[in-house]
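The values are calculated or read from the model by the stated rules, or taken from the named source; none is laboratory data. What you are looking at is a predicted structure, and each value in this text was computed from that prediction instead of being measured. As a convention, Cβ positions derive from the backbone with ideal geometry for all residues, glycine included, and neighbour counts pool all protein chains shown.
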Amino acid sequence: MPKNKRPVICICGMAGSGKSTVAKKLAKKYRLKYYSGGDALKALAIKEGHKPREHGWWESSEGISFLEKRKANLKFDKKVDEELLKVAKEGNVILDSWTMPWLLKKGFKIWLEASIEKRAERVAKRDNIGIDEALKALRTKEKETRSIYHKLYGFKLGEDFTPFHLILDTENLEAKEVFEILCKVIDNVVFCSEDC
């Protein structure tokens, strides 16, 4: 991996894998900008009259309704991806995105893996809902999201891992442990000096 003075780090993983939590913490630690594809989509949802809440909105009936709009008109996702590509060109950024690992030629790309059962458990706890409800919402959301990205770009989210430099199984790890592991990797791969 060539050393880059203006790093771009992509964090990817399905809902409940811990990607947004760890991406924000890493951005703070390394003094990098943080950009989220999900946040950018929420901003577009607001313009469409939706009222996204902080956590769990994507798994709610309103979030699924906006997902249907995205599926019917791919302009929402295209617009977000165009914005993220511009941000990536500037560097010094952590991108919390489902598409950037495939669309960007540069950067260090991390996939966080966990079973759908474990992720549903985390989402249920985060959003104060039942595990069955979380599981159902995740299955619906992920099926539709995969369909959007396959239609737009041809890749299979959660199945194609070719762009990634690191795949970390978070199934049995706490958020703090995920953060510590990623810090060690980033220190040694992304920010390592020439004499490492």
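Brief remarks follow.
- Test: residue in the stretch 154-170 that is at pLDDT 95 or above and of a type in the set (Asp, Glu): yes
- Residue match in the stretch 114-135 (condition: touching a strand residue (DSSP E or B) at 6+ places or on another chain (Cβ under 8 Å) and in a loop (DSSP other than H, G, I, E, B)): yes
- So Lys156, is it within 18 Å of Lys71 (Cα to Cα) and of a type outside the set (Phe, Trp, Tyr): yes
- Of all residues in the stretch 168-196, those satisfying the criterion of being outside any helix (DSSP H, G or I), within 21 Å of Lys29 (Cα to Cα) and not charged (D, E, K, R) are Leu168, Thr170, Leu173, Val190, Phe191, Cys192, Ser193, Cys196.
- Considering residues of the stretch 48-78 that are surrounded by fewer than 17 Cβ atoms within 10 Å (Cβ to Cβ) and among the hydrophobic types (A, V, I, L, M, F, W, C) only, the residue farthest from Thr140 (Cα to Cα): Leu74
- Among the candidates Ala40, Ala15, Ala23, Ala88, residue that is at pLDDT 90 or above, surrounded by 13 or more Cβ atoms within 10 Å (Cβ to Cβ) and in a loop (DSSP other than H, G, I, E, B): Ala15
Per-residue answers, yes or no, for (1) of a type in the set (A, V, I, L, M); (2) in contact with a Gly (Cβ under 7 Å, 6 or more places away or on another chain); (3) in contact (Cβ under 8 Å) with a residue 12 or more places away in the chain; (4) under 22 Å from Glu159 (Cα atoms):
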residue: Ala23; (1), (2), (3), (4): yes, no, yes, yes
residue: Ala27; (1), (2), (3), (4): yes, no, yes, no
residue: Leu41; (1), (2), (3), (4): yes, no, yes, no
residue: Ile46; (1), (2), (3), (4): yes, no, no, no
residue: His55; (1), (2), (3), (4): no, no, yes, no
residue: Gly63; (1), (2), (3), (4): no, no, yes, no
residue: Lys78; (1), (2), (3), (4): no, no, yes, yes
residue: Leu103; (1), (2), (3), (4): yes, no, yes, yes
residue: Leu112; (1), (2), (3), (4): yes, yes, yes, yes
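- Going through (1) at pLDDT below 90; (2) farther than 19 Å from Lys24 by Cα one by one, Trp102 falls short only on (1).
- Ala45 vs. criteria within 30 Å of Asp187 (Cβ to Cβ), hydrophobic (A, V, I, L, M, F, W, C) and surrounded by 12 or more Cβ atoms within 10 Å (Cβ to Cβ): no
- Candidates are the residues of the stretch 138-196 that are under 18 Å from the mean Cα position of the chain (by Cα) and among the polar types (S, T, N, Q); the one that is surrounded by the most Cβ atoms within 10 Å (Cβ to Cβ) is Thr170.
- Filtered by the rule that a residue be in contact (Cβ under 8 Å) with a residue 60 or more places away in the chain and more than 19 Å from the chain's Cα centre (by Cα), the stretch 65-76 gives a lone residue, Glu68.
- Residue list for the stretch 80-101, restricted to those being among the small types (Gly, Ala, Ser) and free of Cβ contacts under 8 Å to residues at least 60 places away in the same chain: none
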